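Visitor: One structure, pasted below without further comment.
The values are calculated or read from the model by the stated rules, or taken from the named source; none is laboratory data. All values derive from a computational prediction rather than experimental measurement. With ideal geometry, Cβ positions are generated from the backbone for all residues, glycine too; neighbour counts draw on all protein chains shown. Note: areas computed on protein heavy atoms with side chains; ligands, DNA, RNA excluded. Shrake-Rupley method; radii C 1.70, N 1.55, O 1.52, S 1.80 Å.
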Amino acid sequence: MNASSKNDTGADSGEHETNLATIPLLETIRRRGRVWRDLASQYGVTNPDPPWKVNLEATCDALSAEACALPLLERRSEEDELSASLYANVPFPERQLLALAHSMIKRGLVDEKELASRMKQVHDRLISA
Amino acid sequence: MAKKHTEDEHGHRPPAPMVDEISDFEVLEMAVRELAIEKGLFSADDHRRWTEYVHTLGPLPAARLVAKAWVNPAYKKMAVTDGVKASLEVGVDWINDMPTHFGTPSDYCNLRVLEDTPKLKHVVVCTLCSCYPRPILGQSPEWYRTPNYRRRLVRWPRQVLAEFGLQLPPDVEIRVADSNQKTRYIVLPVRPAGTEGWTEEQLAEIVTRDCLIGVAVPKPGVKANAKRPVHPAVHPVHHDH
Amino acid sequence: MSKVQHDRTHHAKKATGKGDPQCFKGEAGPAKFKVGDRVRIRDLPDIFYTRCQVYTRGASATVSAVVYESPAAEDEAWDNTDKPEWFYSLVFRQKDLWPNYPDLFANDTLETELSERWLEKA
């Protein structure tokens, strides 16, 4: 992507570039992960949003408002680009989560290997609970 | 996390069903959050404050503001001149409710209530990203965030509104409000016929989120937003600058 | 800005309990335009950051409200809050923004805000 990725009506992102190279860990989750839409219909749950959505929103807010590690406009602009490309076939809010993880890894805020091993820990903790 | 939900012998209602499966997305969300906290990008306490705040958000206060304005002309006048002050009466303090106590770039503290008339219909968008009057209207819907809606509404408002099922005659002025600076907007629609003598509570029930964004108008009996499937653009915009 | 050491909390100190943009009230001096004035949107360079949308540039509009004082987004993006400006709410005829907007809907309009630097008398 180059400067031509600028919104038709917008002028916000200037020369900002989104790194659209795939990330193996997130590709695995994209392919294998079961989205809320399917889980909710399988288990007969009526809540339209997954329980983790509110945590994700708070994470996005805190990343922007506290130490400003990932400012809102940058994250939203990258989420838009990733939602139209790499994660186009993932429903919302799963794709917001993938886009957030993508932006954080590409910025070096978290490391892909580190995230993978933390996911394993979290998973083990959840199944043992 | 019970798998089976059969009625017990005392005739108690079964608990609401739950998803008894750990998804990769649930795990990813937790892992991202824990690492962010460990690296000092925000604290666990920050996250708790934001979660509590996000939990409180929804479209109900904005619906109550509209209902109140319909029944009380003095309140309506206040609402259209000072939306922040009018919000206090429906329990929303734009300045102090936020965990920051001054707003954030996505929730600046300036609310404007756009009053429709039979000849003027407002509809709200943020072409820049997806600015939204969150303290009084909750999280924005998925379609509001899409580049499709944001790019097209300013340019083809009638076509976009028609996709939401709202077709207006040419003598009604459509005014698109693009909230790309520090003001956030909600729409005060025209009170529909057939609601004479209704209480504020009854009126608030028909002021849906979509009415407050301006892509729908309130109708007696309609208490929910219409389903809005998201389709990719038929003729996507080609960028040349 | 000449701050030797950058105080990352200065915005919080200024805005807490007052709100943003309310915390900049009284800092912009007299407003150059008033309600009813016809203005044209300037096409200023935007190499680094702007919130002035491309579709408004060069178009004429009517001031519908003088809304608040705030540093322009183009300065605030760099944490330069030294010179707040007046912001105006502007109503454009859709026909003035999109020349091929249908004549049948000539009444249609669009309202948005811009800071004073973007406006010149039309």
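Visitor: Quick one: what pairs do we get from region A:59-87, first residue closer than 12 Å to A:Asn19 by Cα, second open to solvent by 20 Å² or more (accessible area, probe 1.4 Å) and of a type in the set (Ser, Thr, Tyr), C-beta under 6 Å, 6+ apart or different chains?
Guide: From region A:59-87, the pairs are A:Ser77/A:Ser13.
Visitor: Taking region A:77-104 as the region of interest, how many residues are over 24 Å from A:Pro51 (Cα atoms) and within 10 Å of chain B (Cβ to nearest Cβ)?
Guide: 3
Visitor: Now a separate question. Taking the options B:Leu88, B:Leu168, name whichever one is hydrophobic (A, V, I, L, M, F, W, C), open to solvent by 40 Å² or more (accessible area, probe 1.4 Å), in contact (Cβ under 8 Å) with a residue 24 or more places away in the chain and out of contact with any Ser or Thr (no Cβ under 8 Å at 6 or more places or on another chain).
Guide: Every option except B:Leu168 fails the conditions.
Visitor: Would you list the helices (runs of 4 or more DSSP H) that sit entirely within region C:1-99 and hold 1 or more residues that are modelled with pLDDT of 95 or more and open to solvent by 50 Å² or more (accessible area, probe 1.4 Å)?
Guide: Per the criteria, C:94-97.
Visitor: Can you pull out the residues in region A:86-96 that are under 14 Å from A:Arg76 (Cβ atoms) and not in a loop (DSSP other than H, G, I, E, B)?
Guide: If the condition is that a residue be under 14 Å from A:Arg76 (Cβ atoms) and not in a loop (DSSP other than H, G, I, E, B), then A:Arg95, A:Gln96 are the ones that fit.
Visitor: If you don't mind, there's one more thing I want to ask. Is at least one residue of region B:40-55 within 14 Å of chain A (Cβ to nearest Cβ), open to solvent by less than 20 Å² (accessible area, probe 1.4 Å), in contact with a Gly (Cβ under 7 Å, 6 or more places away or on another chain) and free of Cβ contacts under 8 Å to residues at least 24 places away in the same chain?
Guide: The answer is no, given that none of the residues of region B:40-55 is within 14 Å of chain A (Cβ to nearest Cβ), open to solvent by less than 20 Å² (accessible area, probe 1.4 Å), in contact with a Gly (Cβ under 7 Å, 6 or more places away or on another chain) and free of Cβ contacts under 8 Å to residues at least 24 places away in the same chain.
Visitor: Looking at A:Thr59, A:Thr22, which is the one that is of a type in the set (Ser, Thr, Tyr), over 26 Å from B:Ala16 (Cα atoms) and outside any helix (DSSP H, G or I)? So that I can check it myself, show each step before the final result.
Guide: Working: A:Thr59 fails: outside any helix (DSSP H, G or I).
A:Thr22 is the lone residue from the list that is of a type in the set (Ser, Thr, Tyr), over 26 Å from B:Ala16 (Cα atoms) and outside any helix (DSSP H, G or I).
Visitor: Would you be able to say whether some residue in region C:27-39 is touching a residue at least 60 places away in the same chain (Cβ under 8 Å) and among the β-branched types (Val, Ile, Thr)?
Guide: yes
Visitor: Considering only region A:66-76, state which residues are open to solvent by less than 30 Å² (accessible area, probe 1.4 Å), within 7 Å of chain B (Cβ to nearest Cβ) and in a helix (DSSP H, G or I).
Guide: Listed by number, the list holds a single entry, A:Arg76.
Visitor: Output the number of residues of region B:75-101 satisfying the condition of being touching a helix residue (DSSP H, G or I) at 6+ places or on another chain (Cβ under 7 Å), within 14 Å of chain C (Cβ to nearest Cβ) and hydroxyl-bearing (Ser, Thr, Tyr).
Guide: Matching residues across region B:75-101 total 2.
Visitor: Here's a follow-up. Applying the selection to region A:29-41, what residues are facing chain B (nearest Cβ under 8 Å) and out of contact with any Leu (no Cβ under 9 Å at 6 or more places or on another chain)? Steps first, please.
Guide: Our first condition is that a residue be facing chain B (nearest Cβ under 8 Å); within region A:29-41, this holds for A:29, A:32-36, A:39-40.
Result: A:Arg32, A:Arg34, A:Val35, A:Trp36, A:Leu39, A:Ala40.
Visitor: Oh, and also: Checking B:Asn72 against (1) open to solvent by 20 Å² or more (accessible area, probe 1.4 Å); (2) within 14 Å of chain A (Cβ to nearest Cβ), which single condition isn't satisfied?
Guide: (2)
To keep it simple, each residue is scored yes or no on (1) buried (at least 20 other Cβ atoms within 10 Å of the Cβ); (2) modelled with pLDDT of 90 or more; (3) farther than 20 Å from A:Ser103 by Cβ.
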residue: A:Ser4; (1), (2), (3): no, no, yes
residue: A:His16; (1), (2), (3): no, no, no
residue: A:Leu25; (1), (2), (3): no, yes, no
residue: A:Thr28; (1), (2), (3): no, yes, no
residue: A:Arg34; (1), (2), (3): no, yes, yes
residue: A:Gln42; (1), (2), (3): no, yes, yes
residue: A:Lys53; (1), (2), (3): yes, yes, no
residue: A:Ser64; (1), (2), (3): yes, yes, no
residue: A:Glu81; (1), (2), (3): yes, yes, no
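Visitor: Starting from region B:102-114, take each residue that is within 7 Å of chain C (Cβ to nearest Cβ) and list its partners that are among the hydroxyl-bearing types (Ser, Thr, Tyr) and in a loop (DSSP other than H, G, I, E, B), counting only C-beta distances under 8 angstrom and pairs at least six apart or across chains.
Guide: B:Phe102/C:Thr16
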